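As structure tokens, the structure follows; a few thoughts come after it.
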Amino acid sequence: MDSIDRAIVNRLQDGIEICERPFAPISHSLGIPEAELASRVERLLADGTLSRFGPMYNASELGGAFTLAAMSIPAGDFERSADLVNAHPEVAHNYERDHALNMWFVVAAERPEGVANVIREIERETGYAVLDLPKLTEYFLDLRLPAQP
Amino acid sequence: MNARSDAPLDAADRAIILATQDGLPLVPRPYHAVASGLGMPGEEVMARMQRMRALGVIRRIAAVPNHYRLGYRANGMSVWDVPDDRIDALGERVGALSFVSHCYRRPRVLPAWRYNLFAMVHGATRAEVEARVSEIAALLGDAHRAHEVLYSKRILKKTGMRLRRT
């Protein structure tokens, strides 16, 4: 990452406008052509610096339901279980964590019963219990993090 | 279309969500590109997305970074056991700390899980995260009965929210 990449990562985390040419003012302020901005973002996506670029949808505002789920999986069975969990399209994020509860994932479904169904299926497929920890109150959410030199 | 009656979205909104949940095309006129794939005018796609943003259905149209790749190698989910009757005031204060990216109340599931306040803390190193966790502990004071920090070891999946293509 060079300084232009870092500026792109920081600028694009704040979001783009919904207008005909949303990249034009950004490329102008960075002093690079729009085509270069696009090719740099493509590279940052391809090399994994950016996970995604696009609309960040709020599932709970879609009439959907979310939960954070946790499982305690023996080391020898971890990869198989991760594949089974990740195969569900409702599993949006999944992290391995350094704890007895070593797998933590977010389930997002369009309807509340969808979350319960996915949890039941995962318990049946893996053979391990799932701890269901839905958000009760959101005090703060902002995932932006600065790219620093 | 299976949207609940109180959901403010219609079939065209849903088509836009399905078309963009993998990301926005990196072309000079991205909303027009989405629109041409859906057989809609670009102005309609933009108007619908502006409405969804106003409703809070779309938080932002933005890049989501991989924390590890930005140098945030220590990503700790700090979890706290605080009294239920004080949690709202405490959650607001913890959430306001600059290094906390999300702060939620979640249920206890006894006996397996005693913690009701979750605050995600990011840092370059675990030492940096630990120092920030100590700040949270100081802020909570005597309301803090126990805590743990669960560090992420590996991202197993990160696709964002998905709608099924029904």
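No value in this document is a laboratory result; all are computed from the given coordinates. All figures in this text were calculated on a predicted structure; none of them were measured in a lab. Don't worry about glycine lacking a Cβ; one is built from the backbone with ideal geometry, like all the others, and counts go over all protein chains shown.
Taking the simple approach of a point 7 Å from Cα along Cα-to-Cβ for both A:Ala129 and B:Ala137, what is their distance in nm?
Taking the two extended label points, one gets 2.9 nm.
Mind putting a number on the dipole of chain B about its Cα centre? Charges go on the C-beta only, +1 for Lys and Arg and -1 for Asp and Glu, and I need it in Debye to the nearest 20.
640 debye
I'd like the orientation of helix A:3-14 relative to chain A: the angle between its Cα long axis and the longest Cα principal axis, in ° from 0 to 90, rounded to 10.
For helix A:3-14, the angle is close to 60 degrees.
In region B:15-165, if the dipole is taken from +1 on Lys/Arg beta carbons and -1 on Asp/Glu beta carbons about the Cα centre, which of B:Met120, B:Gly56, B:Leu18 is farthest to the positive end?
Working it through, the farthest residue towards the positive pole turns out to be B:Leu18.
Rg over Rh of region B:20-166, using C-alpha atoms and the Kirkwood radius, what does it come to?
Checking Rg against Rh, the ratio lands at 1.09.
FRET efficiency for B:Leu110 and A:Ser3, Cβ-Cβ distance as r, R0 = 41 Å, nearest 0.05?
0.20
Using the beta-carbon distance between A:His28 and B:Ala127 and R0 = 45 Å, what value does 1/(1 + (r/R0)^6) give for FRET efficiency, to the nearest 0.05?
After rounding, the FRET efficiency stands at 0.65.
What is the sum of charges, Lys and Arg at +1 and Asp and Glu at -1, for the other residues whose Cβ falls under 15 Å from the Cβ of B:Gly95?
Counting the neighbours of B:Gly95, the net charge comes to +2.
Based on the inverse mean of 1/r over its pairs of different Cα atoms, what is the Kirkwood hydrodynamic radius of the protein assembly as shown, in Å?
For the protein assembly as shown, the Kirkwood estimate is 20.8 Å.
May I ask you to evaluate 6.51 cos²θ - 1.76 cosθ + 1.60, the Karplus curve with θ = phi - 60°, for each residue of region A:18-23 and list the ³J(HN,Hα) values in order in whole Hz, giving x for glycine and proline?
So the Karplus estimates, Gly and Pro as x, are 9, 7, 4, 10, x, 7 Hz.
Could you calculate the FRET efficiency of A:Ala87 with A:Ala116 from 1/(1 + (r/R0)^6), where r is the beta carbon distance between them and R0 is 22 Å, rounded to 0.05?
0.75
If the cut-off is 19 Å between C-alpha atoms, which aspartates and glutamates fall inside it for B:Lys157, apart from same-chain ones fewer than 8 positions away?
Correct list for B:Lys157: A:Asp47, A:Asp77, A:Glu79, A:Asp83, A:Glu90, A:Glu96, A:Asp98, A:Glu121, A:Glu123, A:Glu125, A:Asp132, B:Asp22.
Give me the distance in nm between label points sitting 7 Å out from Cα along the Cα-to-Cβ direction at A:Ala100 and A:Phe78, one decimal.
Inter-label distance under the simple model: 1.7 nm.
Output the 0 to 90 degree angle, nearest 10, between the alpha-carbon long axis of helix A:112-126 and the longest principal axis computed from the alpha carbons of chain A.
Once rounded, the angle reads 70 degrees.
If I model a spin label at B:Ala12 and A:Asp142 as a point 7 Å from the Cα along the Cα→Cβ vector, what separation in nanometres do I get?
3.4 nm
Tell me what chain B gives for mean residue ellipticity at 222 nm when only DSSP H runs of n ≥ 4 count, each as -39,500 (n - 2.57), the sum divided by the residue total, rounded to 500 deg cm²/dmol.
So the calculated ellipticity at 222 nm is -10500 deg cm²/dmol.
By how many degrees, 0 to 90 and rounded to 10, does the Cα axis of helix B:126-140 deviate from the longest principal axis of chain B?
It works out to around 80 degrees.
What ³J(HN,Hα) values, in whole Hz, does the Karplus curve 6.51 cos²θ - 1.76 cosθ + 1.60 give for region B:49-58 when θ = phi - 60°, with x put for Gly and Pro?
5, 5, 5, 5, 5, 5, 6, x, 5, 9
Scan around A:Ala147 for amide H atoms under 5 Å from its own, H built in the peptide plane at 1.01 Å from N, and keep only partners 5 or more places away or cross-chain.
Distant-sequence amide H within range of A:Ala147: A:Asn10.
Could you give me the ³J(HN,Hα) list for region B:64-76, computed from phi with Karplus coefficients 6.51, -1.76, 1.60 and θ = phi - 60°, whole Hz, x at Gly and Pro?
Karplus-based 3J(HN,Hα) across region B:64-76 equals 10, x, 7, 4, 4, 5, 8, x, 8, 7, 10, 10, x Hz.
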